[in-house]
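**Q** Here it is, the structure in full.
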Amino acid sequence: MNTIRLLWNTLWRGGAWGLLMGSILGMTYGATFANILVFAGLISQPWGNFKLGDIPAAIFAVLILALLGAIFGGIFGIPTGFAVGVMNGLLFGILTRLFFYPLRDTRIYRRVMALASGLFTAIASWFGFILIWLLYANKEKDTLGAGIVMVTLPAIIAGIAAAFMSRLGTRWYEKESVK
């Protein structure tokens, strides 16, 4: 397999998988995070303030917040997932060409690629999320600390997902290298 074909295949696969995982994870995290905040607010209230008639309104609020959280999670996850996925695909292709051509030890290859993809994605996602936070959020300095904390967990989740998704790329290369 030539270098152009290897890089092209890792590049488009990285972009597609990054877009898919950024969409799914961003929307899921956003919907979950919004409702965790509501639940934390409800727990802090005295229980005597709630009545049986409040249940339909609470269910409606949870659904609306899940929708809004999914939208805002998508605003962060989709562009970051695609951009980081493309860069991760390029990294994948470069590391494969430099250190694993021809492929000799698949076990080491899988582990190295999982580690490289996971670390790179976590770090690059964190910077991507911070950039989007700075573009959309209030420009006050006191919100930056909260933003840094709020984007750390999704960046870690993205890194873990990328480490698992690297198996798809390594399997593809393993199959292609035996042709």
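**Q** Give the number of residues within the stretch 23-58 that are out of contact with any Gly (no Cβ under 8 Å at 6 or more places or on another chain), at pLDDT below 85 and assigned to a helix (DSSP H, G or I).
**A** Going through the stretch 23-58 one residue at a time, the tally reaches 15.
**Q** Just checking, which of Leu103, Leu119 is modelled with pLDDT of 90 or more and in a helix (DSSP H, G or I)?
**A** Leu119
**Q** So, in the stretch 1-22, how many residues would count as being assigned to a helix (DSSP H, G or I), polar (S, T, N, Q) and either under 10 Å from Phe92 (Cβ atoms) or out of contact with any Gly (no Cβ under 9 Å at 6 or more places or on another chain) (or both)?
**A** Residues meeting the conditions: 2.
**Q** Give me the pairs: first residue in the stretch 162-179 and at pLDDT below 95, second residue among the charged types (D, E, K, R) and exposed (fewer than 13 other Cβ atoms within 10 Å of the Cβ), beta-carbon distance under 9 Å, and six or more apart or on different chains, which are they?
**A** Glu176/Arg5
**Q** Okay, next question. Condition first: surrounded by 17 or more Cβ atoms within 10 Å (Cβ to Cβ), of a type outside the set (Gly, Ala, Ser), at negative phi and touching a helix residue (DSSP H, G or I) at 6+ places or on another chain (Cβ under 7 Å). Can you find one or more residues in the stretch 54-72 that meet it? Reasoning before the result, please.
**A** Kept after step one, since they are surrounded by 17 or more Cβ atoms within 10 Å (Cβ to Cβ), are these residues of the stretch 54-72: 65-66, 69-70, 72.
In the following step, the residues that additionally are of a type outside the set (Gly, Ala, Ser) were identified as 65, 72.
Filter again for at negative phi, leaving 65, 72.
Among the residues that remain, those that are also touching a helix residue (DSSP H, G or I) at 6+ places or on another chain (Cβ under 7 Å) are: 65, 72.
So far as the stretch 54-72 goes, yes, one or more of its residues are surrounded by 17 or more Cβ atoms within 10 Å (Cβ to Cβ), of a type outside the set (Gly, Ala, Ser), at negative phi and touching a helix residue (DSSP H, G or I) at 6+ places or on another chain (Cβ under 7 Å).
**Q** Another question, if that's okay. So, Leu7, is that one under 17 Å from Ala162 (Cβ atoms) and modelled with pLDDT of 90 or more or not?
**A** no
**Q** Restricting to the stretch 141-156, give me the number of residues that are in a helix (DSSP H, G or I) and out of contact with any Phe, Trp or Tyr (no Cβ under 7 Å at 6 or more places or on another chain).
**A** Total satisfying the criteria: 10.
**Q** Can you find a residue that is within 25 Å of Met1 (Cβ to Cβ), exposed (fewer than 15 other Cβ atoms within 10 Å of the Cβ), of a type in the set (A, V, I, L, M) and more than 10 Å from the chain's Cα centre (by Cα) anywhere in the stretch 127-134?
**A** No.
**Q** Within 15 Å of the chain's Cα centre (by Cα) and more than 16 Å from Leu25 (Cβ to Cβ): is that true of Leu103 in this structure?
**A** So Leu103 does not fit the description; no.
**Q** Which one of these does Arg111 not meet: (1) more than 30 Å from Leu11 (Cα to Cα); (2) of a type outside the set (A, V, I, L, M); (3) modelled with pLDDT of 95 or more?
**A** Unmet for Arg111, out of (1) more than 30 Å from Leu11 (Cα to Cα); (2) of a type outside the set (A, V, I, L, M); (3) modelled with pLDDT of 95 or more: (1).
**Q** Based on what the data block shows, is Ala162 of a type outside the set (S, T, N, Q), part of a helix (DSSP H, G or I) and either out of contact with any Phe, Trp or Tyr (no Cβ under 8 Å at 6 or more places or on another chain) or over 18 Å from Ala16 (Cβ atoms) (or both)?
**A** In short, no.
**Q** While we're looking at this one, here's another question. I'm checking my understanding of the structure. Among residues of the stretch 20-52 that are of a type outside the set (A, V, I, L, M, F, W, C) and within 24 Å of Ala158 (Cβ to Cβ), which one is surrounded by the fewest Cβ atoms within 10 Å (Cβ to Cβ)?
**A** Restricting attention to the stretch 20-52, the residues satisfying the condition of being of a type outside the set (A, V, I, L, M, F, W, C) are 22-23, 26, 28-30, 32, 35, 41, 44-46, 48-49, 51.
Subset that is within 24 Å of Ala158 (Cβ to Cβ): 22-23, 26, 28-30, 32, 35.
Numbers: Gly22: 27, Ser23: 17, Gly26: 28, Thr28: 18, Tyr29: 21, Gly30: 24, Thr32: 14, Asn35: 16.
That would be Thr32.
**Q** With respect to the numbered conditions (1) over 17 Å from the mean Cα position of the chain (by Cα); (2) within 30 Å of Pro102 (Cα to Cα); (3) not charged (D, E, K, R), which one is the sole condition not fulfilled by Gly81?
**A** (1)
**Q** Restricting attention to the stretch 101-115, and to residues there that are touching a helix residue (DSSP H, G or I) at 6+ places or on another chain (Cβ under 9 Å) and within 22 Å of Ala161 (Cβ to Cβ), which single residue is surrounded by the most Cβ atoms within 10 Å (Cβ to Cβ)?
**A** Taking the stretch 101-115 first, the residues touching a helix residue (DSSP H, G or I) at 6+ places or on another chain (Cβ under 9 Å) are 101-103, 106, 109-110, 112-115.
Right, trim to within 22 Å of Ala161 (Cβ to Cβ) and you get 106, 109-110, 112-115.
Working: Thr106: 14, Tyr109: 20, Arg110: 17, Val112: 17, Met113: 24, Ala114: 19, Leu115: 12.
Among those that are touching a helix residue (DSSP H, G or I) at 6+ places or on another chain (Cβ under 9 Å) and within 22 Å of Ala161 (Cβ to Cβ), it is Met113.
The values are calculated or read from the model by the stated rules, or taken from the named source; none is laboratory data. Keep in mind that what you see is a predicted model, and the values were worked out from it rather than measured. No Cβ is skipped: glycine too gets one built from the backbone with ideal geometry, and neighbour counts run over all protein chains shown.
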